[in-house]
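Attaching a single structure in structure tokens format; questions to follow.
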Amino acid sequence: MVAVKDSTELDEMFDLIEAMNVPQGYRAEIIEGEIVLNPQRETHSTIIRMLTRSLEDARGMDYPGILWDVRVDFPGCLNGFAPDVALVREGARKNEKDLYRYQDLDLVAEVVSRSSRRDDFGAKLKTYAVAGVPTYLIADPKTGLVHVYHAPGDDEYTDETTYTFKSKFTLPYPEIPIDTSLWPRD
């Protein structure tokens, strides 16, 4: 298991973000020690909402472990991500900082925006694999493709399946059906 060694420094950086007064419509996270702001556009939020509905259909409307834009600290150098969507393992409990641990995630999903492409397919892809997140879904409204990465190895996922928007599929783990038939494109 890989540990998050720099959580105190991450806390300080998130305190700075809170003091910055991040503009409405932007999300802030810390990726490899850099504070990154990404805009949230309508297409982006619509896909997040529809994906969240699929998870709610599978786990129940009152399931507390469906998160969006909530901080989770990941291994590596100063990685405090706020995944677009995260599914917390049943029975997981928050830590003393009132955060879920990365070890408690069954699924992480990111919706690619123009400014997040490099991180979603680069630093985050590697970090989620190193952290052992079982499934990482990337929805790309520009290309109309959904990439599902599964079975993390030492520092990369060993399985990738790609679907087109307008398709229906079941995640490899957790086995949850996903319907992209109404997901919008950029």
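Each value in this text was obtained by applying a stated rule to the coordinates, not by laboratory testing. Quick caveat: nothing in here was measured; it's all calculated off a predicted structure. So basically every Cβ, Gly included, is an ideal-geometry build from the backbone, and we count neighbours across all protein chains shown.
Using a simple charge model, +1 on the beta-carbon of Lys and Arg, -1 on the beta-carbon of Asp and Glu, nothing else, what dipole does the chain show about its Cα centre, in debye to the nearest 20?
Its charge dipole is roughly 640 debye.
Would you calculate a helix-derived [θ] at 222 nm for the chain, using -39,500 (n - 2.57) for each DSSP H run of n ≥ 4 and dividing by the full residue count, to the nearest 500?
-7500 deg cm²/dmol
Can you find, among 105, 68, 10, the residue sitting farthest towards the positive end of the charge dipole of the chain, where Lys and Arg contribute +1 and Asp and Glu -1 at Cβ?
With unit charges placed on the Cβ atoms, the residue in question is 68.
Could you tell me the number of lysine pairs in the chain with C-alpha atoms less than 26 Å from each other, where the two lysines are 8 or more residues apart or belong to different chains?
14
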